[in-house]
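The values are calculated or read from the model by the stated rules, or taken from the named source; none is laboratory data. What you see is a predicted model, and the numbers here were worked out from it, not measured in a lab. Glycine gets a Cβ as well: all are built from the backbone with ideal geometry, and neighbour counts include every protein chain shown.
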Amino acid sequence: MPITVKKIALWRKEVENTPGVLAGALEPLAAAGADFQILMGYRYSGDPSKAAIELYPVTGKKLLAAARTAGLQPTSIPTLLIEGDNKPGLGADFTWGIADAGVNLAFFVAQVVGRKYSAVIGFESEEDARKAANLIKKATTGKKK
């Protein structure tokens, strides 16, 4: 499977960092039949009393309504989802390509399950995300910049 790169919209909610807040936010989404590909929950390093919940995808009327009821909103952070077969050095290959182009990352989260690679990368602008998408595709197909 070649690497795929697609633009996605993360949905987000800022919350108090307390026990059960993640479960409470997910409850109406689970009741609506949510099946997330991405779910992140993390506290802020500068203020440990605050946290964020981010997830993807949110599609369909029922799930959109449940997400809004739970206080989630689509983020304005330009975000890419990269998926495909893993190989040693894959993340380094495309992050060096992005860095060499002068593009800064807002965040980067990746994991490997079995032989499959998945990464979610946020950028400072839509232009940076577009540029990075092309660079990632080139880096992972062996083409030079």
So, in the stretch 102-123, exactly how many residues are among the β-branched types (Val, Ile, Thr), within 20 Å of GLY84 (Cα to Cα) and either surrounded by fewer than 19 Cβ atoms within 10 Å (Cβ to Cβ) or touching a helix residue (DSSP H, G or I) at 6+ places or on another chain (Cβ under 6 Å) (or both)?
3
Do we have any residue at all in the stretch 64-72 that's more than 19 Å from the chain's Cα centre (by Cα) and at positive phi?
no
Being surrounded by fewer than 16 Cβ atoms within 10 Å (Cβ to Cβ), basic (Lys, Arg) and under 11 Å from the mean Cα position of the chain (by Cα) is the filter here, so list the residues in the stretch 5-60 that pass it.
LYS6, LYS7
Of the residues that make up the stretch 32-47, is at least one farther than 24 Å from LEU80 by Cβ, touching a strand residue (DSSP E or B) at 6+ places or on another chain (Cβ under 6 Å) and not assigned by TED's automatic domain parsing to the domain that holds LYS87?
yes
Can you tell me how many residues within the stretch 132-145 are in contact with a strand residue (DSSP E or B) (Cβ under 8 Å, 6 or more places away or on another chain) and in a loop (DSSP other than H, G, I, E, B)?
0
Which of the residues belonging to the stretch 105-131 are under 20 Å from GLN37 (Cβ atoms) and either assigned to a helix (DSSP H, G or I) or of a type in the set (Val, Ile, Thr) (or both)?
VAL109, VAL112, VAL113, VAL120, ILE121, ALA129
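I'd like the full set of residues that are small (Gly, Ala, Ser) and out of contact with any helix residue (DSSP H, G or I) (no Cβ under 9 Å at 6 or more places or on another chain), limited to the stretch 66-101.
Matches in the stretch 66-101: SER76, GLY89, GLY91, ALA92, ALA99.
This table checks each residue for (1) in contact with an Asp or Glu (Cβ under 7 Å, 6 or more places away or on another chain); (2) more than 18 Å from ARG12 (Cα to Cα); (3) in contact (Cβ under 8 Å) with a residue 12 or more places away in the chain.
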| site | (1), (2), (3) |
| --- | --- |
| GLN37 | no, no, yes |
| VAL58 | no, no, yes |
| GLY71 | no, no, yes |
| PRO74 | no, no, yes |
| PHE94 | no, yes, yes |
| ALA101 | no, yes, yes |
| ASN104 | yes, yes, yes |
| PHE123 | no, no, yes |
Of (1) at pLDDT 95 or above; (2) touching a helix residue (DSSP H, G or I) at 6+ places or on another chain (Cβ under 8 Å), GLU126 satisfies all except one. Which?
(2)
